[in-house]
Amino acid sequence: VWLRNDLETFKKRLRALEAKVMQDGIILTEEQLAALEKVKEQREAHGEIETEHPGYLGSQDTYYVGNIKGIGRIYQQTFIDTYSRVAFAKLYTDKTAITAADLLNDRVIPFFDVQSVPLLRILTDRGTEYCGKPENHAYQLYLGIENIDHSRTKANSPQTNGICERFHKTMQDECYNIIFRKKIYNSLEDLQIDVDHWLRSYNETRPHSGKYCYGKTPTQTFLNSKHIAFQKNISSMKQETDISFNYLNSSVS
């Protein structure tokens with residue numbers, strides 16, 4: 001049961017407890033608080049990337065779908081909100097910085113804007129579609145315009161972006177393997193329609209076993225937890241205001 005729900009280790013169960021506290025305002029015992037604090041210190045010491053609320057960290061990756069006669073090579077740009085597991089995917093005939101930025105501009109940022117949740121950071125691998133000189137790289141430029149921080153996986157460590165890896169396996173098994181047996185596609189647009197249909201089901205009707213979902217769908221998890229992002233944002237703005245106020249006072253003194 002623990003393994004099926006991605007809670008097979010004590011550390012993962014503590015992370016789930018931490019998320020439950022944030023979502024539901026549960027009061028913890030002193031022992032639970034001490035255990036959570038210890039795990040936080042260990043994570044910080046090892047430089048682990050954590051997620052605290054919707055919009056805190058997105059994971060983006062490129063997936064090679066295959067080569068279809070009449071269309072050619074097909075690549076999928078994937079984005080997943082690592083907290084809620086809400087997923088986005090768009091198909092292209094190449095993998096470039098422009099297509100990587102297009103997914104964000106066309107699908108991801110509009111969603112977060114509608115929900116009034118800021119997207120703070122994105123994790124990618126070190127592929128050329130994501131990394132390059134900031135002054136002339138379309139993806140880097142787009143992140144700068146949207147004020148989104150960029151984290152990169154460790155070299156030769158694709159498991160750091162494991163959320164996308166697992167999603168791609170699920171999508172291959174439950175989407176592509178099925179639709180390619182049923183239908184011959186003559187255009188990228190036709191294939192995108194069926195991919196979008198599967199994504200709606202994945203996000204809105206399929207219970208997720210992620211440690212922050214507790215069996216809810218990704219969309220339910222996002223909607224039920226976005227108040228955490230609001231609270232964090234307000235707290236951050238207050239801290240910045242206090243720092244500015246203190247600085248002004250010290251300058252006047």
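The values are calculated or read from the model by the stated rules, or taken from the named source; none is laboratory data. None of these values were measured; they are calculated from a predicted model. In this analysis, Cβ positions are derived from the backbone assuming ideal geometry, glycine residues included, and neighbour counts consider all displayed protein chains.
Descriptive notes on the structure:
- Hits in region 93-108 (condition: closer than 26 Å to THR205 by Cα and in contact with a helix residue (DSSP H, G or I) (Cβ under 9 Å, 6 or more places away or on another chain)): LEU104, ASN105
- Residue check, LEU141 touching a Pro at 6+ places or on another chain (Cβ under 9 Å), farther than 20 Å from CYS213 by Cα, hydrophobic (A, V, I, L, M, F, W, C) and at pLDDT 95 or above: yes
- Just one of the numbered conditions (1) surrounded by fewer than 19 Cβ atoms within 10 Å (Cβ to Cβ); (2) modelled with pLDDT of 85 or more; (3) in contact with a Pro (Cβ under 8 Å, 6 or more places away or on another chain); (4) closer than 30 Å to PRO134 by Cβ is not true of ARG152: (3).
- Checking each residue in region 167-224 for being among the charged types (D, E, K, R), over 26 Å from SER116 (Cβ atoms) and loosely packed, with under 15 Cβ neighbours inside 10 Å picks out LYS169, ASP173, GLU174, ARG181, LYS182, LYS183, GLU189, ASP190.
- Yes/no for ASN246 being at pLDDT 95 or above, surrounded by fewer than 18 Cβ atoms within 10 Å (Cβ to Cβ) and out of contact with any Lys or Arg (no Cβ under 7 Å at 6 or more places or on another chain): no
- Qualifying residue in region 163-180 (condition: within 16 Å of ILE80 (Cβ to Cβ), in contact with a helix residue (DSSP H, G or I) (Cβ under 7 Å, 6 or more places away or on another chain) and at pLDDT 95 or above): yes
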